[in-house]
């Protein structure tokens, strides 16, 4: 077995084992959580997490994905420091804007409270993401797995405790989420001397050298984030917070499994592909082997889920959640494509093709907006979800084809240079 594939399997096994235990624990706690909190509470969580995600993404400028690229650890630490500084500045700016705009907006005390929680969650998310990528750079996969475990298990445990001791409300879900990300950031945080490492590259040079990340990756991520949250944003008005809660349950529970696999595979595969590129070895064969295995594992699982989803959701999560199972059937084709392509989204980053990825994301947003918009205009939530799913399948299928072509060209370039 080639050394790169052996390292990939070892790192993947560490992350999958840790995440697998997390998923089992999270699934065991889910029936308690879904019977304790109402669908409306989960709808509020989904909407507040949109704001939190924006703080995390804008704050880091997507530089966390540049941490693995430099050859030297000192330069990697310089990228880390730059991402942390921009995150903290963004969080402070978000706090100031919230103070200024809060009296102007016609909102109640609860929504004002949720705004502060959203900023806190977004800051903790950003810290965790930056620290996690540095752990991957160092191939400290076990510490990274512990961080993932805390985000997966810390949230339901804290939310259940809050609901039992204080009372079940959206606050409990939000406090649980914020606490989980804070704990994950602490456990993955590198040693203080890492932040003090000196390098020949300054923060200004980091921003210039990796400018493609804020210039292209960030808009790409924001558009992708908007596309991913279209169901919540467009359903909230005409169909209400309960419908948002049902859809978020349908998407969220399957995404847990997708994140278990993709969140473990993405960092390990990206690091090993980067190693192939540094050493002038072909990366496409490795990627294709992984994709074929994913398809072989995933197709039967998604097929069974499509048949059993309404019954399972009602039986396992509570009678009020069988609607989420019905909604899930419309979304499964898109979710399967997310399962296949999500772990490959690093490819434009490592090949310097962020501008092209941004173009694909704009195309995907327009397509998904049209798909879900037709259903909303018809007054049918099922039609909206089906249109969104179909648009997602088309856009992700075309995106996957582009990923493969990029790697094939890069491998051919290396072969020609070696001759």
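The values are calculated or read from the model by the stated rules, or taken from the named source; none is laboratory data. Predicted, not measured: the structure shown is a model, and the values here were computed from it. As a convention, Cβ positions derive from the backbone with ideal geometry for all residues, glycine included, and neighbour counts pool all protein chains shown.
Before moving on, here are some points about what is shown:
- Check on residue 268, in contact with a helix residue (DSSP H, G or I) (Cβ under 6 Å, 6 or more places away or on another chain), assigned to a helix (DSSP H, G or I), within 19 Å of residue 349 (Cβ to Cβ) and at pLDDT below 85: yes
- Some residue of region 114-132 being over 17 Å from residue 52 (Cα atoms) and not assigned by TED's automatic domain parsing to the domain that holds residue 248: yes
- Tally of residues being exposed (fewer than 15 other Cβ atoms within 10 Å of the Cβ) and without any contact (Cβ under 8 Å) to a residue 60 or more places away in the chain across region 364-379: 4
- Odd one out for residue 290 among (1) touching a residue at least 60 places away in the same chain (Cβ under 8 Å); (2) in a helix (DSSP H, G or I); (3) touching a helix residue (DSSP H, G or I) at 6+ places or on another chain (Cβ under 7 Å): (1)
- Checklist (1) part of a helix (DSSP H, G or I); (2) surrounded by fewer than 17 Cβ atoms within 10 Å (Cβ to Cβ); (3) over 24 Å from the mean Cα position of the chain (by Cα) applied to residue 297, failing item: (3)
- One residue stands out among those in region 339-363 that are over 18 Å from the mean Cα position of the chain (by Cα) and within 20 Å of residue 288 (Cα to Cα): the one that is surrounded by the most Cβ atoms within 10 Å (Cβ to Cβ), which is 350.
- Qualifying residue in region 89-97 (condition: over 20 Å from residue 236 (Cα atoms) and either buried (at least 24 other Cβ atoms within 10 Å of the Cβ) or at pLDDT below 90 (or both)): yes
- Checking every residue in region 199-207 against the condition of being surrounded by 18 or more Cβ atoms within 10 Å (Cβ to Cβ) and either touching a strand residue (DSSP E or B) at 6+ places or on another chain (Cβ under 6 Å) or assigned to a helix (DSSP H, G or I) (or both) gives at least one match.
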